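Below: one structure, written as structure tokens.
The values are calculated or read from the model by the stated rules, or taken from the named source; none is laboratory data. Only a predicted model underlies this, so the values are computations on that prediction, with no experimental measurement involved. Don't worry about glycine lacking a Cβ; one is built from the backbone with ideal geometry, like all the others, and counts go over all protein chains shown. Heavy atoms of the whole protein, side chains included, go into the accessibility calculation; ligands, DNA and RNA do not. Shrake-Rupley method; radii C 1.70, N 1.55, O 1.52, S 1.80 Å.
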Amino acid sequence: SGAIMTVLAAVCTKIPEGRLAIIFLPMFTFTAGNALKAIIAVDTAGMILGWKFFDHAAHLGGALFGIWYITYGHELIWKNREPLVKIWHEMRTNGPKKGGGSKLLCCCLLGHGLAKAAELLPLGAVVVSLCYAFKLR
């Protein structure tokens with residue numbers, strides 16, 4: 001449910017003027033921005049008041065990560081992706097050099113590029129962990 005909330009928050013952040021409706025009440029529409037504010041408010045209240053019906057910490061963590069990804073994360077990940085893609089295309093175009101040293105270098109650089117992109121992934125786990133840490137039992 002936290003992952004679904006991440007996608008929902010990302011879409012609502014990217015297109016805040018989009019119109020949404022609840023499937024069983026299609027006559028009531030609202031903007032995506034207002035829906036995101038309401039969801040965050042309900043999940044925050046659920047964490048503070050200790051409601052047990054939903055996992056409010058997962059929802060709130062997912063929503064915060066979706067907002068962060070659209071605001072900052074997408075640019076950071078794609079900016080750090082470019083050197084890795086250049087190395088990959090060079091390796092695919094030129095092929096391995098004699099002695100196998102280039103394979104080792106490419107594997108090291110590939111690992112470095114993946115590690116650089118993966119530096120951002122723990123942020124989502126940190127957000128969810130913080131939400132669980134502050135969850136009232």
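For the stretch 1-92, the Cα gyration tensor yields ellipsoid semi-axes of 33, 17, 11 Å (square root of five times each eigenvalue, largest first, whole Å). The residues of the stretch 1-92 have, on average, 67 Å² of accessible surface per residue, using a 1.4 Å probe with all protein chains present. Each residue, V42 and I23, gets one label point 7 Å from its Cα in the Cβ direction; the gap between the two is 1.5 nm. Between S1 and K86, the modelled labels are 4.6 nm apart [label points 7 Å from Cα along Cα→Cβ].
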